[in-house]
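Some notes on the structure that comes next.
The values are calculated or read from the model by the stated rules, or taken from the named source; none is laboratory data. Being a predicted model, the structure only gives us computed values, none of them experimental. Virtual Cβ from ideal backbone geometry, glycine too; neighbours counted across all protein chains shown. Areas reflect the complete protein model, heavy atoms only, side chains present, ligands, DNA and RNA absent. Shrake-Rupley method; radii C 1.70, N 1.55, O 1.52, S 1.80 Å.
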Amino acid sequence: MAYRWKNDLTAADVTPYDAFLNRRQLIAGAAAGLGLGAIAAGQAHATADARALEPNTWEEITSYNNFYEFGTDKGDPARYAHEMTTDPWSIEIDGMVDNPGTYDFKDIMSSMTIEQRIYRLRCVERWAMVIPWNGFELADLLNMVGVQESAKYVAFETLARPSEMRGLRYNVIDWPYVEGLRLDEAMHPLTIMATGLYDKPMPNQNGAPLRLVVPWKYGYKSIKSVVRITLTDKEPPTAWGKYSSNEYGFYSNVNPNVDHPRWSQAYEQRVGGGLLARRTPTLMFNGYEKEVASLYEGMDLVKYH
Ligand SMILES: Nc1nc2c(c(=O)[nH]1)N[C@H]1C(S)=C(S)[C@@H](COP(=O)(O)O)O[C@H]1N2
Ligand SMILES: [Mo]
């Protein structure tokens, strides 16, 4: 990639104290406006941005998780994921690539540019967070191994080690957990392999040592603890798509206008306390419409949900 992606949620915009103060004032201003029963459209929009920019705490991000390999309770990953060995770790990269092989995680880390990306995460279950990830662009890794002309999709696979993953005793979904992206989605500069959060190595419950993050799609696309990446010309099967294809489509773009068959997706709820925890409208492509809408131009987003 010739350039580095800079969006509205980089550390530079979020961390400085004056920016923080600014957001606080926006929130306070909006709250006052609410009391008077009058929020200008612009002010309401600023409030939504202020809410979106406030990262969740380390505690929230590492104690409320979905990682079914360790159980289906939100607290199970924090309780049991420490049983997973993450060192050594290697990733098999195969299929339609020039340099297939087994790549050591440490070698990958030393050849990639690690940056901080503060992204919204929206689970299909309607809870949402803002997470300061560290990681590298998936495109950089794919360019390193050399994607062949014939490749159209990227398939991903999670570790499946029954001795260290107690959730594998239950056939909730087919193990290993698998996911997939279209090649242009995988190459998009917003798509990262995350290797840490809050500038610390990735906690096991969040998908150590590296997991995919695709911020404009429902959280289940962001597959954890990846051991295999395959370039292919066929749309790859996905763990939740195999479970129920009409509920969990291949694309799974966050979309307030396409409901889950069993619940509305018009609203979401931030994990975490106080004023920020209120129900708020779901954002198209999770707030990344400007960056990714062109990937889906002319596509029927209901049919290809
Ligand atoms: N291997 C694997 N990856 C997974 C999951 C899982 O159960 N197994 N859950 C997904 C879901 S549903 C969500 S919402 C996110 C949650 O990521 P977090 O726990 O880091 O917030 O991880 C996704 N990746
Ligand atoms: Mo999820």
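A few points about this structure:
- Options TYR218, TYR267, TYR251: the member that is hydroxyl-bearing (Ser, Thr, Tyr) and open to solvent by 30 Å² or more (accessible area, probe 1.4 Å): TYR267
- In this structure, LEU141 does not satisfy being in contact (Cβ under 8 Å) with a residue 12 or more places away in the chain and in a strand (DSSP E or B).
- Taking the numbered list (1) touching a residue at least 40 places away in the same chain (Cβ under 8 Å); (2) outside any helix (DSSP H, G or I); (3) touching a strand residue (DSSP E or B) at 6+ places or on another chain (Cβ under 8 Å); (4) away from ligand 2 (no atom under 14 Å from the Cβ) in turn, LEU212 passes all entries but (4).
- Pairs, first more than 16 Å from SER222 (Cα to Cα) in the range 153-173, second modelled with pLDDT under 95 and within 12 Å of ligand 1 (Cβ to nearest atom), C-beta under 8 Å, six or more apart: none
- Tallying residues that are open to solvent by 50 Å² or more (accessible area, probe 1.4 Å) and more than 30 Å from GLN148 (Cα to Cα) within the range 165-200 yields 8.
- Any hit, the range 218-241, residues being under 19 Å from MET129 (Cβ atoms), away from ligand 1 (no atom under 15 Å from the Cβ) and in contact with a Phe, Trp or Tyr (Cβ under 8 Å, 6 or more places away or on another chain): no
- Taking the range 174-197 as the range and being of a type in the set (S, T, N, Q) and either part of a helix (DSSP H, G or I) or in contact (Cβ under 8 Å) with a residue 60 or more places away in the chain (or both) as the test, only THR195 passes.
- Taken over the range 223-269, the criterion of being out of contact with any Pro (no Cβ under 6 Å at 6 or more places or on another chain) and among the hydrophobic types (A, V, I, L, M, F, W, C) is satisfied by ILE223, VAL226, VAL227, ILE229, LEU231, ALA239, TRP240, PHE250, VAL254, VAL258, TRP263.
- Qualifying residues in the range 215-227 (those that are assigned to a loop (DSSP other than H, G, I, E, B) and over 20 Å from ARG166 (Cα atoms)) - the one nearest to ligand 2 (Cβ to nearest atom): TYR218
- Per-region count, the range 89-110, residues open to solvent by less than 10 Å² (accessible area, probe 1.4 Å) and either over 19 Å from LYS224 (Cβ atoms) or free of Cβ contacts under 8 Å to residues at least 12 places away in the same chain (or both): 1
- Within the range 282-301, if we keep just the residues that are assigned to a loop (DSSP other than H, G, I, E, B) and open to solvent by less than 40 Å² (accessible area, probe 1.4 Å), the residue that is nearest to HIS260 (Cα to Cα) turns out to be THR282.
- Checking each residue in the range 111-141 for being open to solvent by 10 Å² or more (accessible area, probe 1.4 Å) and away from ligand 2 (no atom under 16 Å from the Cβ) picks out SER111, MET112, THR113, ILE114, GLU115, GLN116, ASN134, ASP140.
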